[in-house]
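A short reminder: the numbers here are calculations on the coordinates, not readings from a lab. Not measured: the values here are computed from a predicted model.
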Amino acid sequence: MDINSTDNLHYETVADVPLKNLVIGGMSAMFFSCIIVGLLLPFMLVLIIPVALFLMIFLACSLAFGEMSSRKAQSIANRHLSSPGKTKLQVIEQVGDKSALVMNDWGVVFCSVGKRPVELSWDEIAQVEEPQVKVLVVRDRNNANFKLDLAVAKRFFLVTASMFSKISSRCNFDINPLTGQSLLEQKLRTEPREWKGLWGHFKVSSEGVEFNDKKIHWDVLQNVDETVADADPDPGMLGKIYSLHFKAPGTSFTAKSDQLEGGYDLLKRLTAEKCPQATSFAGDAQTPRDIAYDEFCLLQELLDVPTPLNKRKAAYLERYYFYMLQLIRRFKFKFYPQVRRFLEDYAKVLRFMGREAEAKQLDEFVPD
């Protein structure tokens, strides 16, 4: 695998993890936890052991359900190949605790515990939309669709890059996964974004923004201020409410985060791209680089387990590390401390695997 390549973001091979190992691991943890609790806290046996038992069983079942969904999706996807097991594209991504997404040269398979598997060849997919950040809606030619919430997946850009490599003309993403460039302005030319509710009707298009019967064109927009307030003192309300205040000569209106149903961050990004000189935000609008960097840091945190390297562990880490390196190249990360530490960790894994030449390349690599 060439670490200097940026063409392989969506290609990988995943080794199977024995299902019995997951179940045995979860049950072993449960067993030893119960012994420790029983020895150290005998006066709390009635409370602690049932709670520990429940948590460990839940953990073991979650691991097992995720692996079962993954294996089922792989089996279905392989059956559709003309030559079983032979595919250039092979992506296996667990989505949450109970679901898995598999893509190969035939198409897409999505399995979730308790639900009927979704099986679509690339030719059957009519469109893939991204209505919200990291949420995909896959629509087939019969206009049926299923929703993929990839906010709970580890490698969102692996999924979008894989789809883009097969059906780029039918992918309507917010970010081009092969260049790292935003596509929001391009999408606005043919696809205005709208939100409706009892509070009214808000719309953003290539011409401007509208709230009910008020409209402000981008070229006359004076400024957009952001304010933050506590949610109403209602037991069902938690957190903060963010507001964008749009102002132009003779016209002004406000868009609130609790009204836009997950679209507030999208509106903020669109406004920052269309009129960067007019914005005054309480917090920066996320750029494609910010979104990719957040995913990079999440992966680094999940993989930062201080265990000795062995053959299986090194292969597992290298698969994710290669993907993270492509994120650095594609989205042009700066040389943050987290990036420096990642490069050192990746080089260590490559040296353990006997790939000294690639490790030296990482030693000399400096992000843009």
Query raised in the report: So how many Å³ per residue does the convex hull of the Cα atoms of the stretch 250-329 work out to?
Result: 137
Query - Relative contact order (percent, whole number), the stretch 192-280, Cα cutoff 8 Å, 6+ residue spacing - result: 24
Query raised in the report: Quick one: Karplus J couplings for the stretch 158-171, per residue in order, coefficients 6.51, -1.76, 1.60, θ = phi - 60°, nearest Hz, x for Gly and Pro?
Result: 5, 5, 5, 5, 5, 5, 5, 5, 9, 9, 4, 6, 10, 9
Requested in this report: Could you sort out which of Lys98/Lys166; Lys196/Lys268; Lys187/Lys274; Lys215/Lys256; Lys154/Lys311 sit more than 19 Å apart by Cα distance in this structure?
Outcome: Lys98/Lys166; Lys154/Lys311
Requested in this report: Report the dimensions of the stretch 288-364 along its three principal axes from the alpha-carbon atoms, largest first, rounded to Å.
Outcome: 34, 25, 18
